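Working notes, beginning with the structure itself.
The values are calculated or read from the model by the stated rules, or taken from the named source; none is laboratory data. Predicted model, so just to flag it, every value in this text is computed and none were measured. Note that we place each Cβ from the backbone using ideal geometry, even for glycine, and neighbour counts take in every protein chain shown. These accessible areas exclude ligands, DNA and RNA; they are computed on the full protein's heavy atoms, side chains included. Shrake-Rupley method; radii C 1.70, N 1.55, O 1.52, S 1.80 Å.
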Amino acid sequence: MVMIKDNHVWATGSITKAVAAARRAAGFAVKVEVECGSEAEADEAVEAGADVVMLDNFTAEGAHVAAASVKARWAERGRSGFLVEVSGGITEETAAAFFSKDIDILSFGSMTQSVPHVDFSLKVQPGAGAA
């Protein structure tokens, strides 16, 4: 998967250009996801051919409204094969507020960024255990 973030959009000049560049570089078999901060950006991402539209840093209510609106608008135009992901500030405690038939994926940064780590070593001792 290719993730297009705001800095990629800035570097190419638009979401449309960033999606086209990602498709050229990654090929037809790789999914393209676009981070979007508004419905207008989500619409541009869908129009450009993104496989996943990530609504980033939306409130739960804002995510429900935006996801439903974008999916309905594009269904009217015959385009319904994209997924809507919501990300940004979602925790185990707040996740239920984001559940919706129009939101396909919830991303939790806390699952990977805040997990305590285990410090262990896999050093191999030469000759140890040799028969």
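When the residues of region 103-128 are narrowed to those that are open to solvent by 100 Å² or more (accessible area, probe 1.4 Å) and under 18 Å from Asn57 (Cα atoms), which ends up modelled with the lowest pLDDT? The extreme case among them is Met111.
Across region 31-73, the qualifying residues are those that are part of a helix (DSSP H, G or I) and of a type in the set (Asp, Glu), and the one among them that is surrounded by the fewest Cβ atoms within 10 Å (Cβ to Cβ) is Glu61. Residues in region 1-30 that are outside any helix (DSSP H, G or I) and either closer than 28 Å to Val65 by Cβ or touching a Cys at 6+ places or on another chain (Cβ under 6 Å) (or both): Met1, Val2, Met3, Ile4, Lys5, Ser14.
At pLDDT below 95 and under 16 Å from Met1 (Cα atoms): is that true of Ala20 in this structure? Taking the combined requirement at face value, the residue does not satisfy it. Ser100 satisfies every condition listed in (1) open to solvent by less than 70 Å² (accessible area, probe 1.4 Å); (2) under 23 Å from Asp6 (Cβ atoms) except (2). Restricted to region 1-30, and to residues there that are charged (D, E, K, R) and more than 11 Å from the chain's Cα centre (by Cα), the residue that is surrounded by the fewest Cβ atoms within 10 Å (Cβ to Cβ) is Arg24. Report yes if Ala68 is among the small types (Gly, Ala, Ser) and either touching a residue at least 24 places away in the same chain (Cβ under 8 Å) or within 24 Å of Ala20 (Cα to Cα) (or both), otherwise no. Yes, satisfied. Of the set (1) surrounded by 11 or more Cβ atoms within 10 Å (Cβ to Cβ); (2) at pLDDT 95 or above, all apply to Thr94 but (2).
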